[in-house]
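Visitor: Have a look at this one.
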Amino acid sequence: DFIARNKRIPTSKPLIALLPGSRKQEIKENLPLMLRTVAHYYPHYTPVIARAKGRKAEEYSQYIQMYPKAFLLADDTYALLASAEMAIVTSGTATLETALIGTPQVVCYRFKPLRIVNWLYSKVIHTPFFSLVNIIAGHKVVEELLAADATEKKLFEALEKLPSRASILQEEYREIRLKLAGDQASVRAADAIIQAGYSE
């Protein structure tokens, strides 16, 4: 049981899982945004940050120290996602894992230079999505906030839509599971990862 294993995390408030990526630069760019958004708009939630494999606690501490209500968790990400009411996930394989577990999510990927990235993505990179969930589905399932679009306000607005989309989202997640089911599941997942350009 997740709560039994992590007794230091209070159970009086719903959990919101924060998955800010596995690379140092991803954490630097995305975790502060996630923490600010939760502190500002969701003080009634407990933010729990999933520490990526290979990353040290010290790499997160400089961002967490301003948020005493936030918790850093290692080696229990799947159980965290299963226990969380919703999640903010930096694009990568974690978005697919979140969908397979069934947790409502918003995907954000903030990195510099912000506006140049958005321009390149819209004019040069000819793919409509950057999260594995949407790529595998072939249409928009989860909200994606890329670079300059990854702001507190837009993240809040996307999170606010999750409750009203709960049943639709779960049906979309079910369809993704069906797409990945069977003998070709690993091939389909690998193809999607290659298409998205992920190496993690």
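The values are calculated or read from the model by the stated rules, or taken from the named source; none is laboratory data. Note that the coordinates shown come from a computational prediction; the quantities given were computed from them, not determined experimentally. Every residue, glycine as well, gets a Cβ built from its backbone with ideal geometry; the counts of neighbours run over all protein chains shown. Just so you know, the surface numbers come from the protein's heavy atoms only, side chains and all, with ligands and any DNA or RNA stripped out. Shrake-Rupley method; radii C 1.70, N 1.55, O 1.52, S 1.80 Å.
Visitor: May I ask you to compute the full-extension gain from Lys7 to Ala39, defined as 0.36 nm times their residue separation minus their alpha-carbon distance, rounded to one decimal in nm?
Guide: Full-extension gain reported as 9.3 nm.
Visitor: Now for a separate question. Which order do peptides 130-139, 168-177, 3-12 fall in by mean Cβ count within 10 Å, highest first?
Guide: Ranked from most to least packed, the peptides come out as 130-139, 168-177, 3-12.
Visitor: Rounded to the nearest 0.05, what FRET efficiency is calculated for Ile168 and Ala74 with R0 set to 22 Å and r the Cβ-Cβ distance?
Guide: E between Ile168 and Ala74, to the nearest 0.05, is 0.10.
Visitor: How much area per residue is accessible in region 1-86 when the probe is 1.4 Å and only protein heavy atoms are counted (Å²)?
Guide: Result: 52 Å² per residue.
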